[in-house]
Amino acid sequence: MIVRVFGIAILMGLLQACNAQPAATDSAVSGSSFNAIPSATKALYAAEIEKQYQQMLANRGFNGSILVAKNGEILFEDYRGFSNFKTKDPITPNTPFHLASVSKTFTGMAILKLREQGKLQLDDTVDEFFPGFPYQNITVQLLLNHRSGLNNYMYFMVDRKVETYRVKNKKGRWVRRTRTIKMPPLKPGLLTNQDVLDYMIKHRPAPLFAPDRAFRYSNTNYALLALIIEKVTGQSYPTYMRDSLFIPLGMNDSYVFNIADTGNYIPSYKYNNVPYGIEKLDCIYGDKNVYSTVRDILLWDRALYEGAYVSKASQELAYQPYSFETKSFHNYGLGWRLLNSPTEDIVYHNGWWHGNNTVFTRYIKDSATIIVLGNRYNRNIYKAKALSSAFTGRTDSTELEE
C-alpha cells in the first residue's frame, strides 16, 4: 500500500510553482520550528523517492514498511507484505517491527536523559552500580561509545562453541579446520540481562582490550546500560521506556519485548519465508528488543529535532565521534553511528536480528529522515540511504555500516 503525499497526476501542473518560497510563519508540524515545504516541491520529492524505491526495494522482495520525511512532513510511505506469513496478516501503519540495534538510539538517549536529571554521570564506572563487576575503569561513556573492550555476550552466552583444530589433507599438508561443540546450557529457558551480568561476574570472560584503547561494537555494552537504567530508576527497562519515552511522545505502537511477552512473540523470516523461532538470547534488551513502527519512529525523530526529550546540548555529545584509531568517514557517538564524509554528515543506526533488517537515517542539516523496517531478511534495505538524493540533490556512494 503506497501512500503518496501528492498524486503523480497533478505533478506537471505544479512544476512552475517549485520556486515558491514558504511563508515565514508556515510550520510543517504543529508547534515545531520546521518551515512547510511547498506543495509542488513535495510532489517532486515524492515522485523521485517512489521511483527509486520501486527499483531498490519494492521490486526486490521487500516485506515491511518505509517512511521518508523532511521538515517533519511525510514525503513518502509504503506498507508492503505480511506481518505473519502463516495468517497473511497485512503490514499496516500500526504494525510494530523488531528494531534490532536501532533500539540502541533509545537506550543511549535514555542514559543522557538520566544524566540531565542528575541521576548518573558519564564517568560513573559500572562497578559503582554493580558490586562485584570484575572489570575496572569501564565508564558509562565507554559503554555508550563501544570503547569498553568487553566481548559481545552473543559469543560467550551460548550453548555451543567453535573449536579450531589441525588435520592433514589428502596431499599430506596440515590445514586448519573448525568444528562446533555443543556445551551444556547455561540455564534452562531464555536468558535475561541479569543472566549476562551474573555470568560476567562469575566467569569473567576475557575482555578484548583495556578500556578506551579502541572501538569494538559489542551488544554487551547496551545490555549493561539497560541494567543501569533499571538500577537508577527502580523500574524495569520496558516499564521505564514506556512511561518516560513512548507514552509522553505519543509512540502508542512501541514497546520493549521481554520475557513476559514470549506468548505474543512476533516472528521474523528468512529470505525463503521460513520463520525464526524464539531463541535463548531473544529476551535480552537494551541492545535490541524495542518494537516500533515507522510513524512512531518519526515521532522520535521529531522529538529529537525539537529537543523535546533530551536537550540539544546532550545531542551534541551523542552526535560527536569518539574513536580516532583509524582514518574513516565512519565513527560512533553515544548510541548513534556517524558518517562524516566531505559531502554529508549523517546520524544513523541500522539493525539486524534474525530476519529483521532496520534503517533509521537522519540528515540533520537537511532536517530529513529515512526509516525502513523489514521482517523478512533483505540486505537491500541497507541501501535506502540512496533515497536521500531525491531531496539533497547529492549522490554519494559511501556505504552506511550495518
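What follows draws every value from the coordinates through simple rules; no lab data is involved. These numbers were taken from a predicted model, which means no experiment stands behind them. Every residue, glycine as well, gets a Cβ built from its backbone with ideal geometry; the counts of neighbours run over all protein chains shown.
Ranked by how many other Cβ atoms sit within 10 Å of their own Cβ, fewest first, the residues ASP123, ASP89 fall in the order ASP123, ASP89.
Can you tell me the orientation of helix 193-203 relative to the chain, as the angle in degrees between its alpha-carbon axis and the longest Cα principal axis, to the nearest 10? Computed tilt is about 30 degrees. For the peptides 135-144, 50-59, 268-277, 349-358, residues were scored by their other Cβ atoms within 10 Å and the scores averaged per peptide; the highest-first order is 349-358, 135-144, 50-59, 268-277. Against the main long axis of the alpha-carbon atoms of the chain, helix 219-233 sits at an angle near 80°. Axis angle, to the nearest 10 degrees, between helix 294-306 and the longest C-alpha principal axis of the chain: 80 degrees. From the square roots a ≥ b ≥ c of the eigenvalues of the alpha-carbon gyration tensor of the stretch 293-402, which class results: rounded (a/c under 1.5), prolate (a/b over b/c), or oblate? Since a/c stays below 1.5, the shape of the stretch 293-402 is classed as rounded. Footprinting exposure proxy ranking of PHE324, PHE329, PHE257, fewest other C-beta atoms within 10 angstrom first, gives PHE324, PHE329, PHE257. Measuring against 19 Å, Cα to Cα, the residue pairs LYS187/LYS280; LYS88/LYS270; LYS288/LYS327 contain LYS288/LYS327 as the ones spanning a longer distance.
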